[in-house]
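Below is one structure, written out as structure tokens, with a few remarks after it.
The values are calculated or read from the model by the stated rules, or taken from the named source; none is laboratory data. All figures in this text were calculated on a predicted structure; none of them were measured in a lab. For accessibility, only protein heavy atoms count, side chains too; no ligands or nucleic acids. Shrake-Rupley method; radii C 1.70, N 1.55, O 1.52, S 1.80 Å.
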Amino acid sequence: MVIKRCASKWITLAMAGAALWFAPSVTRAEDYGNYATVRAVEGAGSLQPSGGGQGQALVPNLPLMEGDTAWTESRGRVDLLLHDGNHIVLDGGSRIEIDRLPSDGSREGTALRLRLWKGAMLLDVRSWGAAMSGYLVSTPSATVSPSRPGLYLVEVESVDRTRTTCIEGQCVVASAGASVTLGERQATYAEYGY
């Protein structure tokens, strides 16, 4: 009897070892790629994951990945912390689609690429590196690209009209084949096709 117990312990141990050996390796945070994190939420907001997964409410610490779409209700507001330390604040009634997220800045990385379909967003760029010069916010009527650290307010007033305000820093606004460079405390409108 004692020998059987000992043998069954060894068999159990061997089976557990084999299960661990063939199990997939544990995934580290770096394996998820670039992501943004919901830092704060006022009111209500929602997330539709890329690939058509189950939609969910925006809550603090929720990660957003490339391809995700996020929006806020009319009286909502959400603060997103990017992997590189910069922030996006979505105002009420806003909707973004994330094409590409920046890396953490510890290596040569990628730059932010997103689409603001409606509403308003504040892009707070404090951390600056070579990849940040590729930041690009697209709207139905314009593209906005920061040229240096600063605060940039992008408002989609209608499908045909976008207002961009450079609160601090410098950015380039392009629309319909033309572009303008905004300095601190400057604003411009871009209209689709004009």
Taking amide H atoms as placed 1.01 Å from N in the peptide plane, list the residues 5 or more away in sequence, or in a different chain, whose amide H sits under 5 Å from that of residue 118. 95
Residue 161's amide H: which non-local residues (gap 5+, or another chain) put their own amide H closer than 5 Å, with H modeled 1.01 Å from N in plane and none for Pro or chain starts? 192
Before I look further, what does region 118-194 give for accessible area per residue, probe 1.4 Å, in whole square angstrom? 47 Å²
Going residue by residue through region 132-149, the Karplus relation 6.51 cos²θ - 1.76 cosθ + 1.60 with θ = phi - 60° gives ³J(HN,Hα) values, rounded to whole Hz and with x marking Gly or Pro, of 5, 5, x, 4, 8, 10, 9, 10, x, 10, 7, 10, 10, 9, x, 9, 6, x
Please work out how much accessible surface residue 126 shows to a 1.4 Å probe, ignoring ligands, DNA and RNA, in Å² rounded to 10. 130 Å²
Calculated from backbone phi, Karplus (6.51, -1.76, 1.60) coupling profile of region 80-85 in Hz, x at Gly/Pro: 10, 9, 7, 4, 8, x
Residue by residue, what Karplus-based ³J(HN,Hα) values in Hz, rounded to whole numbers, does region 69-79 have, using 6.51, -1.76 and 1.60 with θ = phi - 60° and x for Gly and Pro? 10, 10, 8, 10, 6, 4, 10, x, 7, 9, 10
For region 137-194 versus region 40-83, the gap between their alpha-carbon centres in whole angstrom: 24 Å
Can you give me the % of accessible surface on region 111-194 that is carbon or sulfur? Probe 1.4 Å, all protein chains present, nothing else counted. 50 percent
Leaving out ligands, DNA and RNA but keeping every protein chain, what accessible area does residue 41 have, in Å² rounded to the nearest 10, with a 1.4 Å probe? 40 Å²
So who's got an amide H within less than 5 Å of the one on residue 103, skipping anything under 5 residues away but keeping other chains? H placed 1.01 Å off N, in plane. 110
Using distinct alpha-carbon pairs, which all enter the 1/r mean, Kirkwood radius of region 42-194 in Å: 15.5 Å
